[in-house]
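Undergrad: What follows is a structure written as structure tokens; I'll ask about it next.
The values are calculated or read from the model by the stated rules, or taken from the named source; none is laboratory data. Bear in mind that the values here come from a model prediction, so they are computed numbers and not experimental data. Neighbour counts run over all protein chains shown; Cβ positions are idealised from the backbone, glycine included. Surface accessibility is based on the protein's heavy atoms, side chains included, excluding ligands, DNA and RNA. Shrake-Rupley method; radii C 1.70, N 1.55, O 1.52, S 1.80 Å.
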Amino acid sequence: MSGNNGYAYSTDVLVIGGGFSGMWAAKRARECRRDVLVADKGPRDWGGLGGLSGGDMIVKQPDMKLDDLLADLVYYYDGLADQEILSKILSDSYARFQDFESWGHKFKRNEKGELCFIPQRALDHIRYYYYHPYGMGGIEKARLLKEHCQELGVRRIGRTVITDIITDGSKVTGAVGFHTQSGVPVYIRTRAVVLATNTGGWKPSYHQNTPAGEGVSIAWNAGCAIRNFEFWKVWNVPVDFAWEGQTGLLPKGARFLNRKGEDFMHKYSPRFGAKADPHYNTRGMICEVRAGNGPITFDCSQMKPEDVEVMRPTAGWMGINDRKLRELGIDFFSQQLQWMPQIRHTYGGIVADLDGATSVPGLFSAGLARNPDPGVYMGGWATCITSTTGYSAGEAAAHYAEGCEEGAFDRALAEHKVRAYTDLLGKDGILPKSIISDMREVMSAPDIALMKTGRGLSRGLEHVEQIKEEFVPRLGASDPHQLAKLFEATSTVLVTELCLRAAIMRKESRAGHFREDYPERDNEHWLKWIEQKREDGRCRIYTVPVPYERYAIKPTHYYMDNFVWPKA
């Protein structure tokens, strides 16, 4: 309901974020007979970034052994693996896969009725299953999840930015934010909150324009610990347009070529070539450009015609993309097209237990908001994570709400917190996009983005601290839309600072983190996670050893050892 002082809602479980993980959480919480409200900063029925994905999904099928898949991940993550959460994600994946199939989702099968899959990163057991027609998987999953949430009676509000969690000092009692079209404050009383806000990033292109770190900001200010912020995603992308699917194309024969026409990744990994995570491929790209062998192109000429037919998108945004490119005389599958590295978002996330519960009673996290990856990725992994952790967090939040007495919602505190933003409405000042652009420029520097050095990281952190001190206080918002962008800008500054502090601390190379000044892995000192937490208004940064004394799989070999890089 609404009044002169804002919109007011009450619910058992509030889900912040309406993407895949948020919808899974909402669906499951509602199945547990709780009243559920989803708040999303986008349109009410948008469905999040998952709709832009291919919708591929890694699944532990019944004939697979858990330890085989887990051993692949321990190897792929160079030992920095939370085996307990990974085991739960993998173990729960088949049930969510069955849910999709029972709803009519068409995972590709051959003429014998067998599921088709694409191996990932030259690993022995990790593979993803894909939708047919290609390009519609994410759109179809989003549609099905929205339909099921609607049928169950999940309530949804859009164009709503949540800025803060409200507690009574011991547990969650609500949340506060504002409407992005009217600027009117929004107050929500609730027993439990699920943060399902994706990750934090730097908005490098229209294809990656949404993640900005608001969930990180909410969790940080609530007192949650965060982990893995020294890892961020740098992807290979075409210079002139967006394209989804290299994780499927490379195993089917696509190649990265240098100016001489060489499949150069075999220099750096004779065993894998380019069939690896983009962090390895983009390192190879940088080494080639440094050696004078740029630019780098992507080539599909060695793919089999039947594989091109499977991988050519025919529907969704990718289908539109392909058709419009061909109208311009550009055929992705028959031309060598220039590619480049592009920084996207952090891999860091909120520290939580197996069911998504954080250290704040009543606050849960799901999906990529609690990402367990140390900076390397596999196709279909995001769909696996969002479906399993969303389901678990929704169920846990519903059970918590059922057994929790409603706490006192401190309206005065909520009004004070939201006024920190709404009081800026109409204020002249620096545009939020300028701050985001500055953060993107910081993180895109070669000695920060990929080939990290202590000097580069420290220079970047000094720049962030200067912007935080001198320019963030001068931000202004001419209208409610700009106010939402202002919250994105301050959140992006926080994410950038957290990333740089953690990367400076990890003085080694491992998985997606490569320090040119510390190029070797150091298990003795760094087989541990870096966590950060806000205490007394300051950042406390510390390490947590990986508890191999209680883990089933011990690291014996390491994925990074398949690559050799030139000395700096």
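Undergrad: When the convex hull of the Cα atoms of segment 262-356 is projected onto a plane and the area is averaged over all directions, what value comes out in nm²? Intermediate values should be presented prior to the final figure.
TA: On the way: hull surface 39.5 nm².
For segment 262-356, the mean projected area of the Cα convex hull comes to 9.9 nm².
Undergrad: Continuing with the same structure: Please arrange K252, K554, K452 by accessible surface area, largest first, computed with a 1.4 Å probe and ligands excluded. It would help to have the intermediate numbers written out before the result.
TA: Details: K252 45, K554 100, K452 0 Å².
Solvent-accessible surface, decreasing: K554, K252, K452.
Undergrad: Holding the Cα-Cα limit at 28 Å, pick out from K233/K567; K507/K554; K41/K427; K65/K567; K507/K533 the pairs that are longer than that. Walk me through the numbers before you get to the answer.
TA: Values: K233/K567 23 Å; K507/K554 23 Å; K41/K427 22 Å; K65/K567 40 Å; K507/K533 20 Å.
Result: K65/K567 exceed 28 Å.
Undergrad: For segment 467-498 and segment 391-423, what is the separation of their Cα centres, given in Å?
TA: The distance from the Cα centre of segment 467-498 to that of segment 391-423 comes to 24 Å.
Undergrad: Expressed as a whole number of Å, what is the distance separating the alpha-carbon centroids of segment 535-568 and segment 281-313?
TA: 30
Undergrad: How much length would be gained if the chain were fully extended between E520 and N110, taking 0.36 nm per residue of separation minus their Cα-Cα distance, in nm to one decimal?
TA: 143.2 nm
Undergrad: Write down the percent of antiparallel bridges among all DSSP beta bridges whose residues are both part of the chain, to the nearest 5.
TA: About 70 percent, rounded to the nearest 5.
Undergrad: Please give the residues of segment 87-108, grouped as numeric ranges, whose backbone N is less than 17 Å from a label point set 7 Å along the Cα-to-Cβ vector of H125.
TA: 87-95
Undergrad: Size of the dipole of segment 1-150 about the Cα centre, Lys and Arg at +1 and Asp and Glu at -1 on the beta carbon, nothing else charged, in debye to 20?
TA: Around 540 debye, computed over segment 1-150.
Undergrad: Now a separate question. Grab the other residues whose beta carbon is less than 13 angstrom from that of K27, score K and R as +1, D and E as -1, and report the net.
TA: Details: positive: R28, R30, R33, R34, R96, K141, K146, R155, R156; negative: E31, D99, E147, E151, E395.
Spelling it out: positives minus negatives among the neighbours equals +4.
Undergrad: Could you pull out every one of the lysines with an alpha carbon less than 16 Å from that of K275, ignoring same-chain neighbours closer than 8 positions?
TA: Of all the lysines, those that pass the test against K275 - Cα under 16 Å, at least 8 places apart if same chain - are K252, K267.
Undergrad: Here's a follow-up. In square nanometres and to one decimal, what's the mean projected area of the convex hull around the Cα atoms of segment 469-568? Please list the in-between numbers first.
TA: On the way: hull surface 42.6 nm².
Mean shadow area of the hull around the Cα atoms is 10.6 nm².
Undergrad: Turning to a different aspect of this structure: Order the peptides 259-268, 365-374 from the highest to the lowest mean number of other Cβ atoms within 10 Å of their residues. Each step should come with its number before you reach the end.
TA: On the way: 259-268: 16.4, 365-374: 29.2.
The peptides rank, most packed first, as 365-374, 259-268.
Undergrad: Give me the extension gain from E101 to D67: residue separation times 0.36 nm, minus the current Cα-Cα distance, reported in nm with one decimal.
TA: Working: separation 34, 0.36 × 34 = 12.24 nm, distance 2.52 nm.
My answer for the length gained is 9.7 nm.
Undergrad: Consider just the alpha-carbon atoms of segment 174-232 and return their Rg together with their Dmax, both in angstrom.
TA: Rg then Dmax for segment 174-232, in Å: 13.8, 37.
Undergrad: In Å and whole numbers, how far do the C-alpha atoms of segment 363-456 stretch along each principal axis, longest first?
TA: Principal-axis extents of the Cα atoms in segment 363-456, largest first: 51, 44, 23 Å.
Undergrad: Taking the Cα atoms of segment 32-159 alone, what are Rg (to one decimal) and Dmax (as a whole number) in Å?
TA: When restricted to Cα atoms, segment 32-159 yields Rg and Dmax of 16.8, 46 Å.
Undergrad: Another one. Where only protein heavy atoms count, and the probe is 1.4 Å, what is the accessible area per residue for the chain in Å²? Write down the numbers at each step before the final one.
TA: Details: 21800 Å² over 568 residues.
On a per-residue basis, the chain sits at 38 Å².
Undergrad: Mind giving me the nanometre distance, one decimal, between the label points for K554 and R33, set 7 Å out from Cα along Cα→Cβ?
TA: Taking the simple label geometry, K554 and R33 are separated by 4.9 nm.
Undergrad: Whenever you get a sec, compute what percent of the accessible area on the chain sits on carbon and sulfur atoms (1.4 Å probe). Before the final figure, lay out each step's value.
TA: Numbers: 10430 of 21800 Å².
Carbon and sulfur: 48 percent of the exposed surface of the chain.
Undergrad: So if I place +1 on the C-beta of Lys and Arg and -1 on the C-beta of Asp and Glu, and nothing else carries charge, what would the dipole magnitude of segment 1-75 be about its Cα centre? I want it in debye, nearest 20. Could the numbers behind the result be given before it?
TA: Values: 9 positive and 10 negative charges, 77 e Å.
Roughly 380 debye, rounded to the nearest 20.
Undergrad: Follow-up. Using alpha carbon centroids, what distance separates segment 247-266 and segment 55-97, in Å?
TA: 28
Undergrad: Local charge sum around R459 (other residues, Cβ-Cβ under 13 Å, Lys/Arg +1, Asp/Glu -1)? List each step's numbers first, then the result.
TA: Numbers: positive: K452, R455; negative: E441, D447, E462, E465.
Spelling it out: positives minus negatives among the neighbours equals -2.
Undergrad: Can you list, largest first and rounded to whole Å, the semi-axes you get for segment 508-554 by taking the square root of 5 times each eigenvalue of its Cα gyration tensor?
TA: On the way: eigenvalues 104, 67, 12 Å².
So the equivalent ellipsoid measures 23, 18, 8 Å along its semi-axes.
Undergrad: Let me ask something additional. Roughly speaking, what % of Cα-Cα pairs in segment 151-283 are separated by over 23 Å, rounded to a whole number?
TA: 55
Undergrad: Just add up the charged neighbours of F514: K/R +1, D/E -1, any other residue whose Cβ is under 9 Å from the Cβ of F514. Mind dumping the intermediate values first?
TA: On the way: positive: R283, K452, R510, R515; negative: E516.
Here the charged neighbours net out to +3.
Undergrad: For volume of the Cα convex hull per residue in Å³, the listed values are (1) 150; (2) 191; (3) 211; which was obtained by calculation from the structure presented?
TA: This structure yields the entry labelled (1).
Undergrad: Taking 0.36 nm per intervening residue step and subtracting the Cα-Cα distance, what contour gain separates K88 from N221 on full extension?
TA: Numbers: separation 133, 0.36 × 133 = 47.88 nm, distance 2.82 nm.
45.1 nm is the gain from fully extending K88 to N221.
Undergrad: With axes computed from alpha carbons, what is the tilt in degrees of helix 454-470 against the longest principal axis of the chain, rounded to the nearest 10 within 0 to 90?
TA: Taking the Cα atoms of the chain, the angle to 454-470 is about 30 degrees.
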